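To start, the structure itself, in structure tokens.
The values are calculated or read from the model by the stated rules, or taken from the named source; none is laboratory data. Keep in mind the model is a prediction, meaning the values are calculated, not measured. All Cβ positions, even for glycine, are placed from backbone atoms using ideal geometry, and neighbour counts span all protein chains on display. Each accessible area value is taken on the protein alone, full model and side chains, heavy atoms only, with ligands, DNA and RNA left out. Shrake-Rupley method; radii C 1.70, N 1.55, O 1.52, S 1.80 Å.
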Amino acid sequence: MKSIYHPYHLLSNQKSPFGGCLVGTSRLAGIRIPFIFLFLLSLSFTSCLDESPRDRIDEEEAYGTADKLLLNTVGTLYNYIGGNAESQGLQGTFRGVYDYNTFTTDEAMLPTRGGDWYDGGFWQSLYKHTWTSSDNSLYNTWTYLYKVVMMCNNSLNILQQRHSLLSGEQFDEAVAEVRGVRAMYYYYLMDMFGRVPLITESGVSVDNVKQSERSDVLKFVYDELSSAAPLLPDVHSNLQNDYYGRFTRPVAYFLLAKLSLNAEVYDDDDWTDGVRPDGKNIQLAVDGQQLNAWKACQAWCDKITAEGYTLEKDYASNFAVHNETSNENIFTIPMDKYLYANQFQYLFRSRHYNHGSAIGQDSENGSCATLSTVHTYGYGTPDVDARYAINFYSDTLYVDGKIVRLDDGSPLVYMPLAVKLDLTGDPYEKTAGARMSKYAIDREAYSDGKLQGNDIVLFRYADVVLMKAEAKVRNGEDGSAELNAVRSRVGMPSRTATLQNILDERLMELMWEGWRRNDLVRFGLFNKAYDQRTPIDNEQTGFTTVFPIPSDAIDHNGNLTQNKGY
């Protein structure tokens with residue numbers, strides 16, 4: 001099936017409308033087209049639409065041909081996978097999905113460095129798990145996720161109304177693609193918030209918006225992806241083809257594998273009672289066959305392997321400036337400093353100021369690895385993992401073969417073992433911590449490196465291999481072959497596939513990729529003591545394994561109730 005439109009080419013240089021109760025617009029294909037959508041209802045579950053916006057064009061002009069219909073129902077959705085404003089996009093920006101899944105864990109922290117990075121205690125609250133339901137960034141993340149869900153609902157409604165413009169194949173593919181995107185956003189909502197409203201139609205009255213149990217959302221997302229997958233294009237969307245950056249069949253398979261691996265978590269409607277369902281007893285359908293969760297995960301992983309994905313010989317090549325040819329990346333956010341407004345801010349956030357200057361860019365001197373992370377890599381031992389030098393800037397810093405120096409002329413030395421949550425007044429206040437390095441620096445990037453050429457990696461085949469290893473072990477099988485395929489790729493010796501070894505491997509392999517909270521929750525460790533963090537009051541119940549429903553959302557909709565413990 002050949003796509004008749006290419007959303008990332010047509011959506012180039014477009015900023016998403018993230019304003020409040022306004023009908024947003026976006027300049028697409030040379031015309032000004034409204035987002036005519038009741039998706040704004042989702043921002044706070046209250047309606048404040050202008051029913052007759054002055055800049056609305058006739059719907060016939062927006063949806064009157066097959067090309068326009070597909071662009072303005074399917075294509076527009078891809079304007080939101082990445083972002084350039086806080087709490088927007090699945091990765092690349094601050095205070096959104098990525099930060100809530102990274103800085104709440106034992107993987108990384110954003111220490112207070114004197115007058116820098118306190119930010120009202122926000123970053124410390126993530127690490128300590130002391131966030132509250134009134135956290136504005138959490139609400140902004142909630143509204144971002146629901147905004148895309150409601151856009152999908154509206155797109156499905158319009159596609160149904162105007163399906164006569166499309167061939168049967170075009171219609172089926174378009175509907176499957178929108179359903180896939182919507183299911184992905186519900187995946188993130190379910191993972192982060194547990195009990196969430198399950199809204200599948202546009203124009204829903206606020207009186208009818210109620211929460212669904214987490215297990216019901218799991219069933220919905222799993223069924224949606226399973227039924228959409230056969231109708232999706234069977235294409236590697238990380239490659240620069242007609243489906244570049246889009247939701248294709250392998251992307252659906254990846255999410256189905258994630259759902260299966262985390263089924264014990266997602267099928268649990270009371271995560272505070274200390275009792276979880278057993279994955280061996282959770283039955284999931286794969287091609288009409290009922291399998292337990294662990295077998296289902298393996299089956300979906302095998303389907304991805306059958307799609308032709310492999311581990312690249314060079315681990316670092318997946319994050320190169322031009323990584324669009326990777327045979328390992330499954331789903332990415334396309335980046336092009338000349339075309340797209342999506343930003344990748346994490347290298348900029350991590351580097352010391354003088355480090356940024358040395359490469360001709362600015363920096364914010366913030367995020368770094370935790371102590372437990374560098375110890376897991378074996379830092380300071382003869383057996384340090386080969387990925388350490390790829391994932392981190394550490395020790396004396398060189399740029400272009402020259403030592404980078406501080407303002408007083410002394411060498412810039414990153415101190416991985418000196419990191420702590422509050423470095424104010426510490427001798428290593430500005431230099432503590434191993435810094436993010438994973439993505440190659442685009443020396444021709446704009447906006448201090450934030451507008452780079454490297455596509456942002458969301459889903460990757462190495463994750464699939466490790467998911468299969470873990471599913472095997474949890475099912476009483478041997479996952480060593482899969483674990484050691486990932487290790488041998490980077491020249492590391494074999495290990496036995498125990499759950500602890502797999503968890504350690506996931507940290508070393510997937511560092512900086514936004515999966516650590518998901519992993520720690522699944523392993524029952526997220527609410528425990530780790531690194532320099534001690535559990536907060538009542539955290540032994542597991543209530544922090546989901547975030548609170550934002551209080552602003554509850555204020556706007558009396559049908560919503562707070563998650564236990566908050």
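Here are the numbers for this structure:
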read-out: Loop trypsin sites (Lys or Arg not before Pro), segment 193-242, which have at most 15 other Cβ atoms in a 10 Å radius of their Cβ (DSSP); value: K210
read-out: For segment 412-563: rounded, prolate or oblate by the Cα gyration tensor [a/c cutoff 1.5]; value: rounded
read-out: Percentage relative contact order, segment 217-341, counting C-alpha pairs under 8 Å, at least six apart; value: 26 percent
read-out: Lysines with Cα under 25 Å of K219, excluding same-chain neighbours fewer than 8 positions away; value: K147, K210, K258, K280, K295, K303, K468, K472, K564
read-out: Rounded percent of accessible protein surface that carbon and sulfur make up, segment 413-566, 1.4 Å probe; value: 50 percent
read-out: Volume of the Cα convex hull of segment 291-433, divided per residue and given in Å³; value: 191 Å³
read-out: Area projected by the alpha carbon convex hull of the chain, averaged over all directions, nm²; value: 24.8 nm²
read-out: Gyration tensor verdict on segment 367-471 (Cα atoms; rounded if a/c is under 1.5, prolate if a/b is larger than b/c, oblate otherwise); value: oblate
read-out: Crossing angle, helix 136-161 versus the chain [Cα axis fit, 0-90 degrees, rounded to tens]; value: 30 degrees
read-out: Within straight-line cross-link reach of K420, aspartates and glutamates at Cα separation under 15 Å, skipping those fewer than 8 residues along the same chain; value: D106, E107, D116, E429, D531
read-out: Computed over segment 503-558, the ratio Rg/Rh where both radii use C-alpha atoms and Rh is Kirkwood; value: 1.09
read-out: Crossing angle, helix 214-228 versus the chain [Cα axis fit, 0-90 degrees, rounded to tens]; value: 70 degrees
read-out: Inter-part distance where segment 374-422 and segment 263-320 are each reduced to a Cα centre, Å; value: 35 Å
read-out: Reachable lysines from K68, criterion Cα separation under 21 angstrom, eight or more residues apart if same chain; value: K2, K15
read-out: Inter-probe distance in nm under a simple model that places probes 7 Å from Cα toward Cβ, at M415 and H322; value: 4.2 nm
read-out: Euclidean distance between Cα centres, segment 529-547 to segment 453-523, Å; value: 24 Å
read-out: Per principal axis, descending, Cα span of segment 267-315 in whole Å; value: 45, 31, 14
read-out: Residue-normalised accessible area of segment 219-325, expressed per residue, 1.4 Å probe, Å²; value: 37 Å²
read-out: Rg over Rh, two decimals, segment 69-130 (C-alpha only, Kirkwood Rh); value: 1.17
read-out: Given charges at Cβ of Lys, Arg, Asp, Glu: the chain dipole, positive-most of M109, T65, A432; value: A432
read-out: Hypothetical label at T396: residues of segment 349-369 whose amide nitrogen lies under 11 Å (7 Å Cα-Cβ projection); value: none
read-out: Cα gyration tensor category, rounded, prolate or oblate, for segment 208-340 with a/c compared to 1.5; value: prolate
